[in-house]
């Protein structure tokens, strides 16, 4: 399950986010940098006020990459009684030495290494963090005025980071000016936690006070762990995609969500001359999605077309695909993972093999007789396919 981490400035904001359902309360001073540190007194008062109701983390500040400085500050933060200590690792030849200096502390406190998506993060450091006892690694942004996480680390690159971290035995966090529309895009990647600050302050910016209504909105988009624990038969994979089986009202019918004329360079083709380079491929995808409400107001009530585009980018990034049919099937399967989708039509069209386009168009439907399995994400698929283009190999 993905947890919600909420960054706060002190005891008052900590109470707001705790009451709003945050899974982790994170102490920082947003006016002094991406990882600006709150004072020791503020952290102690916050830990005391929460009384163990919610785990607490604290950042060490934007520190120089000097082993002694890093270890000293992290030890000071750990002494406040927090559950997690977050340490920023900026590009430096001393990163490995700094991580090694923290190894003794990792036996007493859970340490979280923070890398920065806008500073060319070195994911080759993940085994170094693991070898020195770190509990987790997260990616944030260093310069909050220079874009969000997904501007620097697009969704198709995140699965490789998550897989590498998990392979090293590390928990995974994603942060960096995340907003409500980012949540349905990131939940399918199954991070262990998503971190927020600015999105919890309404429209006033990350240095403003926490807005309880903004906290409520963000919390409602991330399925809570206690829901999974108390709801029998709930598929954890569906919860990880931000879906609650009770949220859909079939009597409201469906909406058609579409992505048209989405062109990407793709490594595709069965012929030898098609290997070793990319060619332009156009994707057209439309999905019939069960409506959740007759009056959609925010991201809780819709199926995001960004999920479709992110899925296509992620599939393409995996490498060479022999057949257009195989590519279309993978896209259709990705879209149908969300049980709100009752049918999907995918068209994959190669644009560089002649004066016209060639490719395949498929339609996949969720079987009506398997309606109970829709809520468990195990619906059978009714398959039809139409090949479009010239005769012969469509791929």
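The values are calculated or read from the model by the stated rules, or taken from the named source; none is laboratory data. Treat the numbers as computed from the prediction; the structure is a model and nothing was measured. Heads up, the Cβs are rebuilt from the backbone with ideal geometry, glycines too, and the neighbour counts pull from every protein chain shown.
All but one of (1) in contact with a strand residue (DSSP E or B) (Cβ under 8 Å, 6 or more places away or on another chain); (2) at pLDDT 80 or above hold for residue 250; which doesn't?
Condition not satisfied by residue 250: (2).
Does region 278-301 contain any residue that is without any contact (Cβ under 8 Å) to a residue 24 or more places away in the chain and either under 20 Å from residue 343 (Cα atoms) or outside any loop (DSSP other than H, G, I, E, B) (or both)?
yes
If residue 243 passes every condition in (1) crowded, with 18+ Cβ neighbours inside 10 Å; (2) at pLDDT below 90; (3) in contact with a helix residue (DSSP H, G or I) (Cβ under 8 Å, 6 or more places away or on another chain); (4) within 26 Å of residue 18 (Cβ to Cβ) but one, which one does it miss?
Answer for residue 243: the failing condition is (3).
In region 316-325, how many are surrounded by fewer than 21 Cβ atoms within 10 Å (Cβ to Cβ) and in contact with a strand residue (DSSP E or B) (Cβ under 9 Å, 6 or more places away or on another chain)?
So the count comes out to 4.
Counting just the residues of region 333-346 that are in contact (Cβ under 8 Å) with a residue 60 or more places away in the chain and not in a loop (DSSP other than H, G, I, E, B), which one comes out farthest from residue 272 (Cα to Cα)?
For region 333-346, the residue satisfying everything is 342.
Take the conditions farther than 16 Å from residue 198 by Cα and in contact with a helix residue (DSSP H, G or I) (Cβ under 7 Å, 6 or more places away or on another chain) and apply them to residue 4. Does it pass?
No, not satisfied.
Determine the pairs where a residue that is in the same structural domain as residue 181 (by TED's automatic domain parsing), located within region 308-332, has a partner that is buried (at least 19 other Cβ atoms within 10 Å of the Cβ) with Cβ atoms under 9 Å apart, the partner being 6 or more residues away or on another chain.
From residues that are in the same structural domain as residue 181 (by TED's automatic domain parsing), there are no pairs.
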